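K.L.:
The structure is given below, and queries will be raised subsequently.
Nothing in this text is a laboratory measurement; each read-out follows from the coordinates by a stated rule. If you're wondering where the values come from, they're calculated on a predicted model, not measured in any experiment. Neighbour counts are summed over all protein chains in view; Cβ atoms, including those assigned to glycine, are modelled from backbone coordinates with ideal geometry.
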Amino acid sequence: MNDLNELLRQSGYAPGSYFCFCGECGKQHVADKRARRCLECAEKRVDHVAALLAEERRKALTVKPLEWDDASDGKWSQSGTGAGWEYLIRDMGEYFLMPFPWKPPEHFQTMEEAKAAAQADYEGRILSALSDAPPCESARRSDAPAREVTVREATAEEALAQKISAELVRARTKFPGKNVTFAALVEEVGELATATFEESSYRVEEEAVQVAVMAMRMVLDGDHCFNEWRKEKGLDPLDPDARALSQEGEG
């Protein structure tokens, strides 16, 4: 008897040639005369129990705390890192600001609250990457390979994309609405040039991120300053709202 049949037997089902009624769903089925459940209900029970066991194993896992250091520039107060993730906390005077990776920034009353929120977010991301399929599902495939639980560090590209995304969220939160986006983009390119010739590689990276953010804002937010000029040229507006109105008018 293989593992799946044993699990099904413990859940109230065994194969046979008797007509039975399932004690759970009430349907008639063919099974062993002592069966309390049909095959479908027994499989669901096995999967449910396996999921509970997997959750218990997941709760038993511990994630190393983030390592916090003073940030290397004047913009951010604290930097927490772990497994390729980075959390930055900024002291705004009356509150502490932290842009979560891939999420909008949040405000906290104390540095300790901000760090606790970062740790909770970090642990959730690490634990959600772990996989433990129910035994019933894997047992159905005799050729199923042994599963390994792995956690990998983010690649350099993923870490950079995360950093740009977090800065984009921060910038759009701090400076929402209509902005002179193109002028700001040109300014950031100039600051990147200055950093390239006169400052550290860290500053070059920071300015390059700002250039990427402003380039993304040109796509997402446009620049209303050029609407009339582009209209005279027969071009559509860069401002998404104005462009949407223009398209509605054409329709």
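K.L.:
Under 5 Å between amide H atoms, partner at least 5 residues away or on a different chain: which partners does GLU24 have, H built in plane at 1.01 Å?
P.N.:
CYS38
K.L.:
Could you work out how much longer the chain between LYS44 and ASP91 gets when fully extended? Use 0.36 nm per residue separation minus the Cα distance between them, nm to one decimal. Each step should come with its number before you reach the end.
P.N.:
Working: separation 47, 0.36 × 47 = 16.92 nm, distance 5.08 nm.
That pair, LYS44 and ASP91, stretches by 11.8 nm at full extension.
K.L.:
Please compute the length gained on full extension between PHE21 and ASN5, using 0.36 nm multiplied by the number of residues separating them and subtracting their Cα-Cα distance.
P.N.:
Here the answer is 3.8 nm.
K.L.:
Cross-link list LYS64/LYS115; LYS44/LYS64; LYS178/LYS231; LYS115/LYS174: which exceed 23 angstrom alpha carbon to alpha carbon?
P.N.:
Values: LYS64/LYS115 14 Å; LYS44/LYS64 35 Å; LYS178/LYS231 18 Å; LYS115/LYS174 21 Å.
With Cα atoms farther than 23 Å apart: LYS44/LYS64.
K.L.:
Go through the range 225-239 residue by residue and turn each phi into a ³J(HN,Hα) via Karplus (6.51, -1.76, 1.60, θ = phi - 60°); whole Hz please, and just put x for glycine and proline.
P.N.:
So the J values, rounded to whole Hz, are 4, 9, 4, 5, 4, 5, 4, 5, 8, x, 9, 6, x, 7, 5.
K.L.:
Further, regarding this structure: What FRET efficiency do you get for GLU113 and GLU158 if R0 is 25 Å and r is their Cβ-Cβ distance, rounded to the nearest 0.05? Walk me through the numbers on the way to the answer.
P.N.:
Values: r = 28 Å, r/R0 = 1.11.
Efficiency computed from Cβ-Cβ geometry: 0.35.
K.L.:
Follow-up. For VAL189 and VAL219, what is the calculated FRET efficiency with R₀ set at 22 Å and r taken between the beta-carbons, to the nearest 0.05?
P.N.:
0.85
K.L.:
Can you pull the percent of Cα pairs in the range 176-246 with separation above 15 Å? Numbers along the way, then the final one.
P.N.:
Values: 1425 of 2485 pairs.
The calculated P(r) of the range 176-246 puts 57 percent of pairs beyond 15 Å.
K.L.:
What distance in nm lies between label points placed 7 Å from Cα along the C-beta direction at LYS231 and ALA51?
P.N.:
About 5.6 nm, to one decimal.
K.L.:
Assuming 0.36 nm per residue, please report the length gained on full extension of the stretch LYS33 to ARG243 beyond their Cα-Cα distance. Could the numbers behind the result be given before it?
P.N.:
Numbers: separation 210, 0.36 × 210 = 75.60 nm, distance 7.08 nm.
Using 0.36 nm per residue and subtracting the Cα-Cα distance, I get 68.5 nm.
K.L.:
At a 10 angstrom cut-off on C-beta neighbours, averaged per residue, how do the peptides 107-113, 185-191 rank from highest to lowest? Please list the in-between numbers first.
P.N.:
Values: 107-113: 12.9, 185-191: 15.9.
Packing proxy ranking, top to bottom: 185-191, 107-113.
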